[in-house]
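The values are calculated or read from the model by the stated rules, or taken from the named source; none is laboratory data. Because the structure is a prediction, the values reported are computed rather than measured. Neighbour counts are summed over all protein chains in view; Cβ atoms, including those assigned to glycine, are modelled from backbone coordinates with ideal geometry.
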Amino acid sequence: MSAPVPVKGADASLSLLQRLVDDAMDPGYRRAAESTAAPQKGVRHSVAIAVLLGLLSFLVVAAILQVRAGAPSDGSTRAELTERVEAATSSLTTLENQVDRLTAEVEQVQIDGLAGTDADLALAEQAQLLEAAVGGAAVTGPGVFITLQDGPPAPAGEGGPDLARVLDTDIQLVVNGLFASGADAVSVNGQRVTVLSPIRSAGEAVLVGFRPLTPPYEVSAVGPTSLGANFEGSGARTELAGLESAYGIAVDVSQQEEISVPGRADLSVRYAEEARAQ
């Protein structure tokens, strides 16, 4: 028997179908059939194979055409995904507003419940201070407002990463520098930064507390009146100046007489101790 001739394209598909047909019958039955019906192969065997191959080829082509006709285009798929993301984001915002409202009601009930004796008032004040310290309550006072904006994009045709874009590491630099300068509370684009708030990147998006943010990035910090001067003299500010000169990233730092940092309503109590009477 001569060696099989290599086939390409449609011939390759027909060759595969030929092997499927040849191997469809168990070898034992096939050998028995060949030994008893060898004289009858001839034309009828060839015609049967041709008909079967034609039928299988028709079914394969029809299936491919049906899949292609039903497959959505890249544009429609992207638009559908965008709509789903926007709908989920809107739903999340609605739920967050509801959580904020319920949290405010709980805080008011707590204040009303601890508005009796001097000991109750002292306990309520201590609870508010603890909530502010861990990031569960809003904080208002003098502070610093910092804005970070992407620099000009690289010229078209140049490969490599866009170094003029504000990265998660840049925001980490600012937040850590503020806390090192004496900040009591910090938020980024309205997201309170706590010990449970990671600052990471996902692709080109920057996430703070697992919430994606978009530029410009606005960092608010509440602290002592010396917070602005302390930050201006910090190593973090020196590194930011290097980003400004090297990549054109815009950095604006301003001292504010009064600034507000929101709390995080999704914080939960992890450890607690029973208050004992003195």
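For residues in segment 209-236 being of a type in the set (A, V, I, L, M, F, W, C) and in contact with a helix residue (DSSP H, G or I) (Cβ under 7 Å, 6 or more places away or on another chain), which is surrounded by the fewest Cβ atoms within 10 Å (Cβ to Cβ)?
236
Evaluating residue 129 against the criteria (1) of a type in the set (A, V, I, L, M); (2) at pLDDT below 90; (3) surrounded by 18 or more Cβ atoms within 10 Å (Cβ to Cβ) leaves one unmet condition, (3). The residue pairs whose first member lies in segment 89-101 and is surrounded by 10 or more Cβ atoms within 10 Å (Cβ to Cβ), whose second member is not β-branched (Val, Ile, Thr), and whose beta carbons are closer than 8 Å, counting only pairs six or more residues apart or on different chains, are 96/265; 99/265; 99/266; 100/265.
Yes/no per residue for (1) within 30 Å of residue 96 (Cα to Cα); (2) in contact (Cβ under 8 Å) with a residue 60 or more places away in the chain; (3) outside any strand (DSSP E or B); (4) not hydroxyl-bearing (Ser, Thr, Tyr):
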| site | (1), (2), (3), (4) |
| --- | --- |
| 175 | yes, no, yes, yes |
| 179 | yes, no, yes, yes |
| 200 | yes, no, no, yes |
| 220 | yes, yes, no, no |
| 241 | no, no, yes, yes |
| 244 | no, no, yes, yes |
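In segment 181-190, the qualifying residues are those that are in contact (Cβ under 8 Å) with a residue 60 or more places away in the chain and assigned to a strand (DSSP E or B), and the one that is farthest from residue 142 (Cα to Cα) is 187. Residue under question is residue 150, and the condition is that it be within 22 Å of residue 263 (Cα to Cα) and surrounded by 14 or more Cβ atoms within 10 Å (Cβ to Cβ); does it hold? Spelling it out, it is not the case that residue 150 is within 22 Å of residue 263 (Cα to Cα) and surrounded by 14 or more Cβ atoms within 10 Å (Cβ to Cβ).
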